[in-house]
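Working notes, structure below.
The values are calculated or read from the model by the stated rules, or taken from the named source; none is laboratory data. Bear in mind that the values here come from a model prediction, so they are computed numbers and not experimental data. No Cβ is skipped: glycine too gets one built from the backbone with ideal geometry, and neighbour counts run over all protein chains shown. Quick note on the areas: whole protein, heavy atoms, side chains included, nothing else; ligands and nucleic acids left out. Shrake-Rupley method; radii C 1.70, N 1.55, O 1.52, S 1.80 Å.
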Amino acid sequence: MYPILFRLGSLNIYSYGFFVILGFSFGAILAIHKARRSDIRISFDKIVDLFFYSVLSAIIGSRILFVLINFDFYRERPLHIFHFWEGGMVFFGGFILAVVVAIGYMRFYHLPIFKLADLVSPSIALGLFFGRIGCFLAGCCYGKETSLPWGVTFTNPNSLARLNVSLHPTQLYEAIGALAIFIFLNWVEKGKRFDGWIFFLFILLYSSIRFFIEIFRGDPRGFIFADVISTSQGIGILLAILAIFMLFYLGRRR
């Protein structure tokens, strides 16, 4: 596809980094807009700071997990660890670290954790949508070979995908899934049953979608069980179980 979106003189603007920034920007705008309309008592500065620290930790966490999964490659090329613009992030790594950092921030300032988690969940899904479009253009997170009519063949030598072979467009599968989650969460949030409901619905839906998309992934995945369950599938299973438990627990407590 188009790993380099365009050039400004000698500066290359990479499609992956561009769309990740675009996703974070739209997600932040949406979260700030929702915060202003909500009954949550939080200043503009605090919501911006919370989003900034969450985004920064998400980038770091997702990169750390990707490097750990592909440790043999980065052990020989340590400087490539910092080449964020080339792609190579695992969402679950960033999500987990961002949640830990966000909880710490909200506890420090005595902010309502579950209410804010509900508020930003649609923004996370929206950011995922844009991020996976960037993945598709860059060629990372590519799928297995396929003879299906919607298979995609990457020919650009700068692409991170396998070249000249029809592949499952797994990036688009996840982009469509993230967009569907975004629409669904915005639809159900007006009838929110309890604080935390939207957040754990997001975790359950995304973990389920990601589990099945992983079946069609063809890039180096990292496996935790007999070359069958990938790292992301294993994390997704645990998060889905946690989400189901919390939905029942918070619902019964209410």
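Structure above, values below:
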item: Which numbered condition Asp227 fails, given (1) open to solvent by less than 20 Å² (accessible area, probe 1.4 Å); (2) at positive phi; (3) of a type in the set (Asp, Glu); result: (1)
item: Residue within the range 94-105 that is buried (at least 22 other Cβ atoms within 10 Å of the Cβ), touching a Pro at 6+ places or on another chain (Cβ under 9 Å), modelled with pLDDT under 95 and in a helix (DSSP H, G or I) present; result: no
item: Search result, residues across the range 129-141 that are aliphatic (A, V, I, L, M) and surrounded by fewer than 24 Cβ atoms within 10 Å (Cβ to Cβ); result: Ile133, Leu137
item: Looking only at the range 178-223, and only at residues there that are assigned to a loop (DSSP other than H, G, I, E, B) and closer than 18 Å to Ala102 by Cβ, the one that is least open to solvent (accessible area, probe 1.4 Å); result: Gly196
item: Odd one out for Thr155, checked against (1) open to solvent by 30 Å² or more (accessible area, probe 1.4 Å); (2) touching a Cys at 6+ places or on another chain (Cβ under 7 Å); (3) of a type in the set (Val, Ile, Thr); result: (2)
item: Which listed residue is in a helix (DSSP H, G or I) and without any contact (Cβ under 8 Å) to a residue 24 or more places away in the chain, from Arg7, Arg36, Arg63; result: Arg36
item: Which listed residue, of Ile229, Ile224, Ile213, is under 25 Å from Val152 (Cβ atoms) and β-branched (Val, Ile, Thr); result: Ile213
item: Number of the exception - Asn158 against (1) closer than 19 Å to Phe19 by Cβ; (2) part of a helix (DSSP H, G or I); (3) in contact with a Pro (Cβ under 8 Å, 6 or more places away or on another chain); result: (2)
